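Notes for the one structure printed next.
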Amino acid sequence: METVPFIPDSAPFTPEQRSWLNGFLAGWLSGANGTAPNGAVAAPAEAAKPLLILFGSQSGTAESIAKQVGKEASGKGYASRVVDLAKHETVDLQKESDVLVITSTWGEGDMPDNAQPFWERISSAEHPKLTNVRYSVLALGDKNYGDTFCQAGRLLDKRFEELGAARFRERIDCDVDYSTNLRSWLDGVWEKLASAPTPGAAAAPAPTPAAVASKAEAKAPEPYSRKNPFPARLLVNRKLNGAGSGKDTRHFEISLAGSGLTYEAGDALGVFPQNCPELVRDVLSVLGYSGDEAVPLPDGGSAPVREALQKNYDLRIPNTQLIQAVDSLKELTASDRKEDLKKWLWGREVIDVLAEAPKGSFPPAELVGFLRKLQPRLYSISSSPKAHPDEVHLTVARVGYDAHSRGRKGVCSTFLADRVTPDMPLPIFFQVSKHFRVPHNTDLPTIMVGPGTGIAPFRAFLEERQATGAKGKNWLFFGDQKASTDFLYQEQLMEMQSAGVLNRLDLAFSRDQAEKIYVQNRMLENGMELWKWLEEGAYFYVCGDASRMAKDVDLALHQVIETHGGMSAEAAAVYVAKLKSEKRYARDVY
């Protein structure tokens with residue numbers, strides 16, 4: 001019997017909307033009683049097209065994007081699943097059809113911690129082919145890392161191809177400001193999926209009339225976010241180091257009053273900085289600009305070049321295109337001179353490249369085309385909202401040094417330390433770090449390794465554990481240069497020890513003796529006890545430098561497990577991998 005449509009052609013809908021509504025009603029009625037009201041046989045409901053979204057995330061950005069993509073996919077009618085690559089064993093890739101991979105890169109081109117086991121799995125020579133899979137990769141990175149930019153995404157993209165999967169949308173590599181590239185990639189993904197559906201799968205349904213109508217409704221006020229930062233106020237700017245220290249570490253307290261924003265211990269705070277006015281003045285002088293010349297802004301509109309260089313463009317690391325535009329330097333960009341370019345760039349900034357060019361080489365509007373957009377800086381939060389309602393605290397090392405006859409300054413650290421005043425709006429936003437949380441089971445112990453400013457999230461963890469009355473033991477490994485001047489938060493930590501919140505505190509001050517001692521040395525010295533804590537279910541956390549400290553601590557952890565767990569190197573590696581899969585080994589490294 002022929003199926004009779006329920007929505008007539010005269011109804012005020014587009015043909016696509018009528019088709020979708022007829023299919024929906026037929027499917028719903030079929031599920032209810034098998035027939036339509038007029039006795040016609042109801043059309044079978046169309047199954048939603050499956051879409052697997054995998055993410056590898058170190059700080060939470062890739063995870064947030066993956067969930068955003070999953071939500072958008074569901075809105076388009078796909079049966080989307082968002083899967084953490086740490087749970088890769090729950091997925092049989094050979095049975096998948098369309099797969100999106102979203103991953104960051106950390107350290108020197110490394111896979112995120114949660115993606116490493118998946119990478120080892122698909123890198124195996126025995127891994128089965130994926131000839132039935134279509135895929136696309138979105139890679140996140142930072143161009144400041146040069147050759148390792150987006151390397152994790154590039155490696156995964158190549159491996160899927162080697163396994164016979166079909167790339168249906170070219171990979172896009174995103175710099176720190178990923179919004180434009182993300183939109184471009186997604187638009188391409190939806191277009192390709194819609195134009196070439198997987199054989200046997202139903203096409204994604206058209207939006208419902210209600211969904212179409214809702215787009216015309218007035219939008220609610222936009223909540224504060226990276227795109228709409230909150231204009232906070234700085235309450236406290238206090239130096240933590242004592243007199244005579246070789247460091248300048250600051251404790252900042254920022255008001256959240258009136259923002260409606262919330263965060264958890266372990267999250268990060270994004271701060272939108274401005275460039276140093278003296279640096280902007282020197283750039284204008286080198287170029288011969290008055291400063292009033294109008295230039296385009298990265299997100300549209302225009303402003304005087306002085307304002308644009310201070311608020312909108314990155315004046316720190318020059319890109320290859322700018323170097324190539326200067327005749328005396330362009331030879332350094334040759335493919336066989338990568339090491340020469342790297343050495344030349346050390347300690348140099350955009351102004352050093354511009355100084356090599358004759359005045360007038362770069363008209364103002366052309367110059368900004370060579371510059372990257374000034375990005376926010378992310379800092380590990382050093383407070384618990386339970387201990388400091390309506391406030392967020394940061395622990396930041398002020399960066400300043402001399403190189404090539406110029407004083408160099410950290411963009412955001414000196415902005416916060418030297419130029420932000422209590423009456424000046426400070427644009428901020430929160431970045432969720434779900435991978436870096438205190439244990440949900442408050443009876444479990446924590447082991448925290450955080451030298452220098454790496455102590456930040458662990459001050460927050462300890463405040464959180466104290467505020468919630470957690471019964472689990474807490475052990476902190478902290479280190480810096482000198483105990484007399486660089487024992488950050490000493491008074492508070494001592495009070496926590498006295499209160500029984502901080503059960504163990506092992507210190508490593510590298511310059512208080514002839515032989516330098518670091519946190520990894522203290523771990524090895526206390527290996528037996530550390531092993532016992534791990535066996536009791538302890539969570540192991542690391543925060544700080546990714547290039548050296550985090551790798552040294554990881555090596556020490558393996559050695560402790562081998563020595564005191566009586567394991568081979570291979571068995572210790574399996575033990576550590578299990579810690580990671582159970583989310584008991586987490587790193588907040590940079």
For this session: Note down the accessible area of His435, probe 1.4 Å, to the nearest 10 Å².
Result: 50 Å²
Exercise. Which of the listed residues, Asn526, Ala573, Leu371, is farthest toward the dipole's positive end in the chain, when Lys, Arg count +1 and Asp, Glu count -1 at the beta-carbon?
Worked result: Leu371
Exercise. Name the residues of the range 61-84 whose amide N is less than 11 Å from a point 7 angstrom out from the Cα of Arg183 along the C-beta direction?
Worked result: none
For this session: Send over a whole-number figure in Å² for the accessible area per residue of the range 353-461, probe 1.4 Å.
Result: 39 Å²
Problem set entry | the range 53-123, dipole about Cα centre (Lys/Arg Cβ +1, Asp/Glu Cβ -1), debye to the nearest 20 | 360 debye
Problem set entry | Considering only the chain, percent of DSSP beta bridges that pair antiparallel, nearest 5 | 45 percent
For this session: Quick one: dipole size for the range 426-487, taken about the Cα centre, charges +1 on Lys/Arg Cβ and -1 on Asp/Glu Cβ, in debye to the nearest 20.
Result: 160 debye
For this session: Compute the length gained on full extension between Asp327 and Glu356: take 0.36 nm times their separation in residues and subtract their Cα-Cα distance, giving the result in nm to one decimal.
Result: 9.6 nm
Exercise. Once you put a point 7 Å from the Cα of Gln513 and another 7 Å from the Cα of Gln94, both along the Cβ direction, what distance in nm separates them?
Worked result: 5.6 nm
Exercise. Using 0.36 nm per residue, how much length does the chain from His440 to Lys239 gain when fully extended, once their Cα-Cα distance is taken away?
Worked result: 69.0 nm
For this session: Quick one: of Lys192/Lys373; Lys143/Lys338; Lys143/Lys580; Lys434/Lys532; Lys434/Lys580; Lys158/Lys434, which pairs are farther than 21 Å apart, Cα to Cα?
Result: Lys192/Lys373; Lys143/Lys580; Lys434/Lys532; Lys158/Lys434
Seminar exercise, completed: With every protein chain kept in place and a 1.4 Å probe, the residues Tyr489, Tyr224 fall, from largest accessible area down, as Tyr224, Tyr489
Exercise. Near the amide H of Lys49, under 5 Å away, which other amide H atoms are found, from residues 5 or more places off or on another chain, if H is placed in the peptide plane?
Worked result: Ala79
For this session: Mind checking which of Ala334, Val137, Gly450 is farthest towards the positive end of the chain's charge dipole, using Cβ charges of +1 (Lys, Arg) and -1 (Asp, Glu) about the Cα centre?
Result: Gly450
For this session: Could you tell me which of Thr320, Pro425, Gly188 has its Cα farthest along the dipole of the chain towards the positive end, charges placed at Cβ (Lys, Arg +1; Asp, Glu -1), taken about the Cα centre?
Result: Pro425
Exercise. Once you sort the root eigenvalues of the Cα gyration tensor of the range 379-451 as a ≥ b ≥ c, which label holds: rounded (a/c under 1.5), prolate (a/b larger than b/c) or oblate (the other case)?
Worked result: oblate
For this session: Compute the separation of the alpha-carbon centres of the range 289-319 and the range 124-194 and state it in Å as a whole number.
Result: 32 Å
Seminar exercise, completed: Among [x] 49, 28, 24; [y] 44, 34, 26; [z] 51, 33, 30, the entry matching semi-axes √(5λ) of the Cα gyration tensor in Å as calculated here is [y]
Exercise. How do Lys580, Lys76 rank by accessible surface area computed with a 1.4 Å probe, from largest to smallest?
Worked result: Lys76, Lys580
Exercise. Peptides 559-565, 425-431: what's the order by average Cβ count within 10 Å, highest mean first?
Worked result: 425-431, 559-565
For this session: Determine the gain in length on full extension of the stretch Asn503-Asp336; use 0.36 nm per residue of separation and subtract their C-alpha separation, reporting nm with one decimal.
Result: 54.7 nm
Exercise. How would Glu170, Glu63 line up by accessible area, probe 1.4 Å, largest first?
Worked result: Glu170, Glu63
Exercise. Dipole of the chain, Cα-centred, from +1 at each Lys and Arg C-beta and -1 at each Asp and Glu C-beta, to the nearest 20 debye?
Worked result: 340 debye
For this session: Keeping the other protein chains in place, figure out the carbon and sulfur percent of the accessible area of the chain, with a 1.4 Å probe.
Result: 51 percent
Exercise. What shape does the range 442-559 have by the C-alpha gyration tensor, where a ≥ b ≥ c are the square roots of the eigenvalues, rounded means a/c under 1.5, and otherwise prolate means a/b greater than b/c and oblate the rest?
Worked result: oblate
Exercise. With every protein chain in place, what's the accessible area of Lys87 (1.4 Å probe, Å², nearest 10)?
Worked result: 120 Å²
Seminar exercise, completed: With the label point 7 Å along the Cα-to-beta-carbon line of Lys67 and a cut-off under 14 Å to each amide N, the hits in the range 413-435 are 430-435
Seminar exercise, completed: In terms of the alpha carbon gyration tensor, root eigenvalues a ≥ b ≥ c, rounded if a/c is under 1.5 and otherwise prolate when a/b exceeds b/c or oblate, the range 269-362 is prolate
For this session: With a 1.4 Å probe and every protein chain left in place, tell me how much accessible area Val176 has, in Å² to the nearest 10.
Result: 40 Å²
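The values are calculated or read from the model by the stated rules, or taken from the named source; none is laboratory data. Note that the coordinates shown come from a computational prediction; the quantities given were computed from them, not determined experimentally. Please note: Cβ atoms are built from the backbone with ideal geometry, for glycine as well, and neighbour counts cover all protein chains shown. These area figures cover heavy atoms from the full protein model, side chains too; ligands, DNA and RNA do not enter into them. Shrake-Rupley method; radii C 1.70, N 1.55, O 1.52, S 1.80 Å.
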